[in-house]
Amino acid sequence: MRMGLPRIEARHYISIYQHPLLSDDQILLTFAKLISTFCKNAPKELSRYIKPQYALARRIVTKVMADMAIDDIYDVYATFDELSLHQQIERLMDDVVDHKEHNKGMGIML
């Protein structure tokens, strides 16, 4: 039984299939090369966002994604009474935001 990862094993066969007499399927070979290149470059691309100056952005994205997941779960599994309460809270929050924007435009600080 083979214990290696299929993508890592496939990388070793790309050089064999590059030979024109051994390869029937050039599209498959091209696709394999693209995936291999992507897998090599993925850690470098992901490391760009680990820098300290992006910490706030990472926190915000994490909170937004968690909120979206919770909202989706709530929409699927909540009862009708819970949903009506949730809608009332959302309307109240929208009213609070609108009130703050209105007061900001008037020059009133809260």
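The values are calculated or read from the model by the stated rules, or taken from the named source; none is laboratory data. Remember, predicted model here, so these are calculated numbers, not experimental data. A quick note on method: Cβ atoms are made from the backbone with ideal geometry, for glycine too, and the neighbour counts reach across all protein chains shown.
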Among the residues of the stretch 26-33, are any more than 30 Å from residue 14 (Cα to Cα) and either out of contact with any Gly (no Cβ under 6 Å at 6 or more places or on another chain) or part of a helix (DSSP H, G or I) (or both)?
no
Cβ-Cβ under 9 Å, sequence separation 6+ or interchain: first residue in the stretch 78-104 and within 18 Å of residue 67 (Cα to Cα), partner hydroxyl-bearing (Ser, Thr, Tyr) and part of a helix (DSSP H, G or I). Which pairs?
82/74; 83/74; 86/74
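Any chance the stretch 94-103 includes a residue that's part of a helix (DSSP H, G or I) and β-branched (Val, Ile, Thr)?
Looking for residues that are part of a helix (DSSP H, G or I) and β-branched (Val, Ile, Thr), one finds at least one in the stretch 94-103, hence yes.
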From 23, 36, residue being part of a loop (DSSP other than H, G, I, E, B), surrounded by 11 or more Cβ atoms within 10 Å (Cβ to Cβ) and at pLDDT below 80:
23
